[in-house]
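This report refers to the structure that appears directly beneath it.
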Amino acid sequence: MGIPFIDLKSQYARIQEEVDQNIRNVLEHGRYVMGPEIAEFESKAAAFAGTRHALSCGSGTDALLLALMALNIGPGDAVFTSPFTFMATAETIVLTGATPVFVDIDPATYNLDPARLETAIRDLRIARPELTPRAVMPVDIFGLPADYDRILKIAETNDLRVIVDAAQSFGAEYKGVKTASLGDIACTSFFPAKPLGCYGDGGACFTDSDELQDIMQSLRVHGQGEDKYDNVRIGLNARMDTIQAAVLLPKLAIFPEEIQVRQTVARRYNEKLAQSGLVLPLIPEDMLCVWAQYSVQAKDSAHRDALQAQLRQADVPSAIYYPTPLHLQTAYADLGYKRGDLPVSESVGERIFALPMSPYLSEADQDAVCTALLG
Ligand SMILES: Cc1ncc(COP(=O)(O)O)c(C=O)c1O
């Protein structure tokens, strides 16, 4: 068997008894929607994140949409975000009727560049006076926190709400606090490949605001009011399945230890690839990355093609996140961006690729990955 890109099988083998038992419990009590495991998971997830509230939902995409809707963001509003991310980040902004404004990334961390954010807000006020700057949605790409001190300060100065896209960074820390506790609302994904994943789709919103939590709770179930058949706002069906919460509970219990092992795996890559000539990930001081991906940069796209072919030959999987930044995706053509507008994201997209990463990646397999890569 080849080396898995993300080794979920080994994790399952470790906690199989608890996972199977939890799933059986759900089958027996039969409360497939909003069963007791949901509240138990939410309370443990909030304790882990360090927030007053956690609201589970159907996916990371649902989480972002719930957050935007709860903050009443819609037509005429501008939301600043990174173009170097997964489709869903900006997609949810468009779904509310608001306009995403892409801000280029820092070439070292691949996260939204605060200096460019300031310029983008200033430029927008002049060039698009019909739009109101309302929010910023930083993304913790590959599990690395964005530059929150600077972003939160700029948001405060400009009266912007902050929605953290922590889909890839659940468990990551910025100056000792979890990124899921930052901003007005932080959103994460429990898609299976994420650092903490379930066995299907799942997500959650985190906030310290009782008011926002109440609104999101209502939005999650068709804008419900006093009871199921009292609807006070337009909402969604965005609940997490009980079975997913049942799966997440034992996974959350071992997650802190897995995060530590992820650091060891990443450190080993750093050491083994130190002389490779590749651009390795940079983790600024005071940040704990959860390594949703371990991504490196080749010299150019031809070099990346050659290295990925070398890996394929040795039966080592690799992947590219993200070859096309969002501003160049057909789906966002109406926004009017063109190649050259966000050069850092474009250039990184041409050179970056990710190596197998998981807390269950053995040192022998990691050696095999590096040997294949170094030729
Ligand atoms: C940065 C980012 N935002 C949002 C999402 C959406 O999450 P989901 O796939 O759970 O809807 C993902 C993951 O897929 C992501 O990586």
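The values are calculated or read from the model by the stated rules, or taken from the named source; none is laboratory data. These numbers come from a predicted model, not from an experiment. Cβ placement follows ideal geometry from the backbone for every residue including glycine, while neighbour counts extend to all protein chains displayed. The accessibility values were calculated without ligands, DNA or RNA, using every heavy atom of the protein model including side chains. Shrake-Rupley method; radii C 1.70, N 1.55, O 1.52, S 1.80 Å.
Here are the numbers for this structure:
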{"item": "Residues that are within 19 Å of the chain's Cα centre (by Cα) and not basic (Lys, Arg), drawn from region 230-259", "result": "Ala238, Met240, Gln244, Ala245, Leu248, Leu252, Phe255, Pro256, Glu258, Ile259"}
{"item": "Residue check, Asp227 out of contact with any helix residue (DSSP H, G or I) (no Cβ under 8 Å at 6 or more places or on another chain), surrounded by fewer than 16 Cβ atoms within 10 Å (Cβ to Cβ) and within 30 Å of Lys153 (Cα to Cα)", "result": "no"}
{"item": "Pick from region 16-68, criterion among the hydroxyl-bearing types (Ser, Thr, Tyr) and within 16 Å of the ligand (Cβ to nearest atom), ranking: surrounded by the fewest Cβ atoms within 10 Å (Cβ to Cβ)", "result": "Ser59"}
{"item": "Any hit, region 242-261, residues being within 22 Å of Phe86 (Cα to Cα) and within 14 Å of the ligand (Cβ to nearest atom)", "result": "no"}
{"item": "Members of region 133-185 that are farther than 21 Å from Leu326 by Cα, within 14 Å of the ligand (Cβ to nearest atom) and either among the basic types (Lys, Arg) or under 12 Å from the mean Cα position of the chain (by Cα) (or both)", "result": "Phe170, Ala172, Thr179, Ala180"}
{"item": "Subset of region 300-340 (residues that are surrounded by 11 or more Cβ atoms within 10 Å (Cβ to Cβ) and of a type in the set (Asp, Glu))", "result": "Asp300, Asp305, Asp315"}
{"item": "Residue identified as buried (at least 17 other Cβ atoms within 10 Å of the Cβ), under 22 Å from Lys153 (Cα atoms) and either of a type in the set (D, E, K, R) or out of contact with any strand residue (DSSP E or B) (no Cβ under 9 Å at 6 or more places or on another chain) (or both) among Pro114, Pro100, Pro83, Pro133", "result": "Pro114"}
{"item": "Neighbours by Cβ (under 8 Å, 6+ apart or cross-chain): first from region 284-310, more than 23 Å from Leu144 (Cα to Cα); second part of a strand (DSSP E or B)", "result": "Leu307/Phe353; Gln308/Phe353"}
{"item": "Hits in region 246-292 - residues which are part of a helix (DSSP H, G or I), open to solvent by 60 Å² or more (accessible area, probe 1.4 Å) and among the charged types (D, E, K, R)", "result": "Glu257, Arg267, Glu271"}
{"item": "Single match in Gly235, Gly200, Gly223 (criterion: within 16 Å of the ligand (Cβ to nearest atom) and in the same structural domain as Asp20 (by TED's automatic domain parsing))", "result": "Gly200"}
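Conditions tested, residue by residue: (1) in contact with a Pro (Cβ under 6 Å, 6 or more places away or on another chain); (2) modelled with pLDDT under 95; (3) of a type outside the set (Ser, Thr, Tyr).
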site	(1), (2), (3)
Cys198	no, no, yes
Ser218	no, no, no
Gln224	no, no, yes
Ile234	no, no, yes
Ala246	no, no, yes
Glu285	no, yes, yes
Val296	no, no, yes
